[in-house]
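Below you'll find the structure, written out as structure tokens, and then a few comments.
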Amino acid sequence: MTTQIKPVAGAGRWNAITTNLTDVFYVALWKKAWPLWVGAVALALTNLFMFAFARAVGVFPQMGMWGAQVYNLAGIKVDAPFTAYPLAPLHLDMHSMICFGIVLGVAMAALLSEEFKLRKDHWTGYAAAAAGGVFMGFGTVIMPPCNVGGFYTATMALSLSGPLTVLGLVPGAYVGGLLMKWQATRAVEALDFRALSVSAPAEKKSSSAQPYLGAAVGVTLLAAAAAYASQGMMKQCGLLLFGALFGVIFQRSRLCFTSAFREILISRNGTLMKWVLLSIAIGTVGFALLKATGYQPMHYVLPVGVHTVVGGFIFGIGMSLAGGCGIGILWRSAEGYTRAWVAVVTGMMTAGAWVLIYGKHVGEGWLYGKPYSLAQHGGWFGGSAIVFAFLAVFYLFILYVEAGKRERA
Amino acid sequence: MRELNAIKIKDSHYEVDMRGWVCPYPKYAVEGLVRKFDKGRLDLLVDCPSATEDVPKVAQAMGCAVPEVNQIGGGEWRIAIVK
């Protein structure tokens, strides 16, 4: 980030100070994309602080609860899919605050950086998003839960399920990515440069009011947080703000997990995933230390079995088609992608119907294995060592795939 | 099937409008576009932020120059690719 003071000819110290402040607090934060490593480190630390405050990050289980709420409002009695996320009014539910925070944080960041746009899609895009949401809805209850919760957070939390989701998510994201690549290739093939007629290029639009709207969203966010705090609802207040921080980090660093999984095999490029792995490594140290003190030792330790891989595969296809995982579609929704709105609705309605479909909650019955913490037999040190070994193996796998690209070229 | 909107600005200078195509479509399309294109300048219009980094990387890896990536509106960019 730029921190040096630019020489300002003929102007006083005041100008130098304002220039410097603008460089740091406007240009570096909102005009330029953050380096990926900043996003990776910030995500790990935010997740760690939020775990210490209340809970770690994950968004789909509460979105499934929203779906169940809608069914109940429509007169169809159904319980929320996850017992740890019971039916509750959305404005009182602390877990939902993370989702609302992400939406507000992304909207603020996107507007401040003038990257917001109400983006319409082709009907095939809406169809893909609707299907992607359904796939993710099923994936989240079968895996469980979503990509960020089930892979990223669960691995940090020393859940055996975390590393295993990769066996489903990588091929799933690949299948979804192939469909998109095929579609793009078909469209390019149909284009004939020689047949094009001459016309005027698209014009540049004049500057917009987006940064002011972004500031207004920021004020709204703080006002909502203050309102919860004034009612003594500190968990809601805190998780709303943490959610917003996640939103800002994701929007500015563009650290997209869907892309990280998809591009390993599609473009043989694992740059994003390597940063995600670094982020997990940082988080694992913190989670293991906190848990070793007896703090929520089974937090994000999830059922593990064949369903982990199958659910991951289904979820992987879904996130590619929808253009984002659970967090990804919330994030794109707040950037103005109407396609993502469709995926949010079909995703929450699918996950919300799980108890109707399966007859039991997530984690109960024949489908699911038992939760297994890597610390159960190896202790906190041994458990962390296993996670680091997994990260090393995944890293080597990525290098192996990338080396194949150079060999072919 | 979804089609690409494109126009000719002048000889050897084209504009392909991929606004409305979410990430990663522009990144996947640019490879084929560059290959299909003889010589000259190709302007790609995109409206997904990550394309402003991904598209130049793909084009540069294929030996093209990317003289400009300019914002042309809220959430919209023009990426110039010269082959």
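Couple of notes before you dig in:
- Each residue, residue A:397 and residue B:62, gets one label point 7 Å from its Cα in the Cβ direction; the gap between the two is 3.0 nm.
- A straight chain from residue A:206 to residue A:407 at 0.36 nm per residue would run longer than the Cα-Cα distance by 67.7 nm.
- Cross-link partners for residue A:235 among the lysines, with Cα-Cα distance under 22 Å and sequence neighbours closer than 8 places in the same chain left out: A:291.
- For A:331, A:182, A:66, order by how many other beta-carbon atoms lie within 10 Å, fewest first: A:182, A:66, A:331
- Placing +1 on the Cβ of every Lys and Arg and -1 on the Cβ of every Asp and Glu, with nothing else charged, gives the range A:56-215 a dipole about its Cα centre of roughly 260 debye.
- Beta bridges assigned by DSSP with both partners in chain B are antiparallel in approximately 75 percent of cases.
- Percent of beta bridges antiparallel (DSSP, the protein assembly as shown, rounded to nearest 5): 75 percent
- Candidate cross-link partners of residue A:181 among the aspartates and glutamates, defined by an alpha-carbon separation under 13 Å and a same-chain spacing of 8 or more, comprise A:189, A:263, B:31.
- Shape call, chain B: gyration tensor on alpha carbons, a/c limit 1.5: rounded
- Counting lysine pairs in the range A:1-136 that sit 8 or more residues apart in sequence, or on different chains, and whose Cα atoms lie under 26 Å apart gives 6.
- Cysteines having no other Cys beta carbon under 4.7 Å from their own, within chain B: B:64
- Other protein chain C-beta atoms within 10 Å of residue C-beta, averaged over A:320-330: 1.
- Normalised by 2.2 N^0.38 Å, where N is the number of residues, the alpha-carbon radius of gyration of the range A:232-297 equals 1.46.
- Overall form of the range A:196-250 per C-alpha gyration tensor (a/c, 1.5; a/b vs b/c): prolate
- Long-range HN-HN contacts of residue B:5 with modeled amide H, under 5 Å: B:17
- Think of the range A:120-217 as a dipole: +1 on every Lys or Arg Cβ, -1 on every Asp or Glu Cβ, centred on the Cα centre; then among A:129, A:164, A:213, A:213 lies furthest on the positive end.
- For the range B:14-52, trypsin sites (Lys or Arg not before Pro) meeting the loop criterion (DSSP other than H, G, I, E, B) and having at most 16 other Cβ atoms within 10 Å: B:39.
- Its DSSP H runs of at least 4 residues, each contributing -39,500 (n - 2.57), put the calculated 222 nm mean residue ellipticity of the protein assembly as shown at -19500 deg cm²/dmol, to the nearest 500.
- Placing +1 on each Lys and Arg Cβ and -1 on each Asp and Glu Cβ, with no other charges, gives chain A a dipole about its Cα centre of roughly 560 debye.
- Note on residue A:84 and residue A:185: the extension gain reaches 32.0 nm, defined as 0.36 nm multiplied by sequence separation minus the Cα-Cα distance.
- Rg ratio (alpha-carbon, reference 2.2 N^0.38 Å) - chain A: 1.03
- Value of Rg to Rh for the range A:54-113 (Rh from inverse mean 1/r over Cα pairs, i.e. Kirkwood): 1.06
- For the range B:15-26, putting each phi into the Karplus relation 6.51 cos²θ - 1.76 cosθ + 1.60 with θ = phi - 60° gives couplings of 10, 10, 9, 10, 5, x, 8, 6, 4, x, 3, x Hz, in residue order, rounded to whole numbers and with x for Gly and Pro.
- Prolate/oblate/rounded call for the range A:257-409, Cα gyration tensor, a/c under 1.5 rounded: oblate
- Gain on full stretching of the segment that runs from residue A:292 to residue A:215 - 0.36 nm per residue minus C-alpha separation: 23.6 nm
The numbers here are math on the coordinates, done by the rules we state, and not lab data. Small disclaimer: the values here were computed from a predicted structure and weren't measured. Counting neighbours? That spans all protein chains shown, and the Cβs are built from the backbone with ideal geometry, glycine included.
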